[in-house]
Amino acid sequence: MKNILVTGGAGFIGSNFVHHLLGKHAGYNIVVFDKLTYAGRLENLKPAEGNPRFAFVRGDICDAGAVTASIREHSIDTIVNFAAETHVDRSIMESDAVVKTNVNGAHVLLEAAREFEIERFHQISTDEVYGAIPAPNRSKEGDPLEPRSPYSASKAGAEHLVYAYFVTYGLPVTTTRGSNNIGPYHYPEKAVPLFTTNAIDNQPLPIYGDGKQMRDYQYVLDHCEAIDLVLHHGQLGEIYNVGTGVETHNIDMARKILDSLGKPHSLITHVVDRAGHDRRYALDISKLRALGWTPSHNFDQALELTVRWFVENEWWWRPIKTGEYLDYYRKQYVERAVAN
Ligand code: NAD
Ligand code: DAU
């Protein structure tokens with residue numbers, strides 16, 4: 001492993017992963033291949049600018065010609081696929097781009113990986129593929145997949161293709177299923193950065209339904225460490241859950257953000273629930289622990305680091321909360337609340 005193509009590397013987790021790799025592995029060259037959708041931000045890659053081991057290519061993973069040209073030009077031996085349409089609410093509003101990028105795009109990458117006899121193809125997947133998990137159950141990697149949103153269904157589709165390429169063509173693949181990440185460069189349409197930036201501005205925190213849904217919020221750099229571990233020590237053809245193994249109610253997450261910023265709980269506003277909202281995700285992470293991984297941050301530490309980052313980096317998020325973002329916000333929160 002020497003020349004790594006990180007697709008979707010200008011997004012939230014991808015950019016954190018790039019900084020992690022550049023810092024940890026002195027011998028690796030990193031090429032980010034990213035379409036720069038609304039969620040892809042070159043600012044996220046600023047710390048890598050000027051590094052001779054880093055290159056950026058603007059391209060669409062659905063474009064086979066662009067993908068193969070990059071692999072050839074940079075002698076790529078490893079692909080880590082983060083590229084995706086990632087927001088569940090947007091996938092409910094409009095699922096076209098979700099299926100194209102998340103399923104067809106993954107297929108294009110797999111074909112290219114096969115053609116160039118790539119050493120490793122790693123797929124970044126999600127705990128959402130398991131569907132809603134009733135307490136006290138925890139999802140294990142061998143459990144059936146029951147995705148319930150266009151987003152999670154598309155991610156499950158991609159996973160099936162990845163596994164099929166392992167079985168059918170012997171492509172060396174691994175997959176990780178991560179829980180909710182939080183941390184620097186998190187696009188403020190997702191709950192934690194949305195609530196944090198709204199709270200800083202004394203704006204309402206829109207909680208879906210009763211707020212008793214549960215998520216396993218993990219620090220993004222812990223997730224990056226886990227992907228790194230699986231890339232180096234994971235078994236080919238295997239899938240690994242990545243999370244803390246501890247779930248938090250959304251309403252408690254919102255209260256903690258407000259407490260951390262010294263803002264009143266009265267900013268919490270209950271709004272119409274997400275359609276088909278999965279009530280709880282919960283992972284069994286023993287398979288990853290057996291590889292030697294343990295998360296370095298618990299929820300409180302991860303949340304505090306995240307809130308501080310947003311307080312200190314208004315230059316990053318203020319320009320995002322304009323233009324297209326406001327159109328989306330209106331549709332998602334204002335118009336929807338009125339219609340219901
Ligand atoms: P993000 O939305 O912040 O970033 C996605 C990136 O993919 C962006 O840079 C975007 O420009 C790029 N992209 C989108 N379509 C593309 C295309 N057709 N071609 C090339 N690039 C394209 O997403 P994220 O939160 O960083 O998630 C990254 C990956 O991790 C996704 O595969 C997601 O499903 C998975 N995941 C996310 C979480 C989470 O909590 N955020 C948890 C588990 C798994
Ligand atoms: O579980 C992993 C997944 O986590 C990833 O695969 C997805 O790409 C990522 O977006 C995330 O999905 P969620 O839907 O869980 O994340 P989101 O931040 O959108 O929502 C977190 C929880 O908060 C969820 O239960 C919905 C709720 N929520 C969300 C928003 C945006 C609210 O109550 N209000 C909101 O305004």
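Rule-based calculations on the coordinates, nothing more; no lab input. Quick caveat, the model's predicted, so the values are computed rather than measured. Glycine also receives a Cβ, built like all others from the backbone with ideal geometry; neighbour counts cover every protein chain displayed.
Okay, here's what the table says:
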| item | result |
| --- | --- |
| Rounded to the nearest 20 debye, dipole of the stretch 220-316 from Cβ charges on Lys, Arg, Asp, Glu | 260 debye |
| Convex hull of the stretch 280-323 built on C-alpha atoms - directionally averaged projected area, nm² | 5.4 nm² |
| Cα centroid separation, the stretch 160-210 to the stretch 1-32 (Å) | 18 Å |
| Candidates GLN123, GLN213, GLN203, ranked by Gaussian network fluctuation over the chain, Cα under 10 Å, top entry | GLN203 |
| Proxy reagent accessibility, fewest Cβ within 10 Å first, across HIS19, HIS270 | HIS270, HIS19 |
| Aspartates and glutamates whose Cα lies under 18 Å from that of LYS24, excluding same-chain neighbours fewer than 8 positions away | GLU49, ASP222, GLU225, ASP228 |
| Debye, to nearest 20: dipole size of the stretch 1-143, +1 on Lys, Arg Cβ, -1 on Asp, Glu Cβ | 460 debye |
| Degrees, to the nearest 10: 299-312 long Cα axis against longest axis of the chain | 80 degrees |
| ³J(HN,Hα) computed for each position of the stretch 220-233 - Karplus, 6.51 cos²θ - 1.76 cosθ + 1.60, integer Hz, glycine/proline x | 4, 6, 5, 4, 4, 4, 5, 4, 4, 4, 5, 4, 8, 10 |
| Amide H within-cut-off set for LEU291, under 5 Å, with H built and near neighbours excluded | none |
| J(HN,Hα) series, the stretch 104-116, from Karplus relation 6.51 cos²θ - 1.76 cosθ + 1.60, nearest Hz, glycine and proline x | 5, x, 4, 5, 4, 5, 5, 4, 5, 4, 5, 4, 9 |
| Fraction of antiparallel bridges per DSSP, the chain only, in percent to nearest 5 | 5 percent |
| Of LYS46/LYS331; LYS190/LYS256; LYS287/LYS321; LYS2/LYS35, pairs whose Cα-Cα distance is over 28 Å | LYS46/LYS331; LYS287/LYS321 |
| Simple Cβ-charge dipole of the chain, Lys/Arg +1 and Asp/Glu -1, about Cα centre, in debye nearest 20 | 340 debye |
| Convex hull of Cα atoms in the chain, direction-averaged projection (nm²) | 16.0 nm² |
| Which of PHE33, PHE116, PHE82 has the fewest Cβ neighbours within 10 Å, and the rest in rising order | PHE116, PHE82, PHE33 |
| Cα lying deepest toward the dipole's positive end in the chain, options VAL162, PHE195, PHE12, charges on Cβ | PHE195 |
| Interchain or long-range residues, amide H under 5 Å from VAL173's placed H | PHE121, GLY237 |
| Helix-only mean residue ellipticity at 222 nm for the chain, each DSSP H run of n ≥ 4 adding -39500 (n - 2.57), per residue, nearest 500 | -11000 deg cm²/dmol |
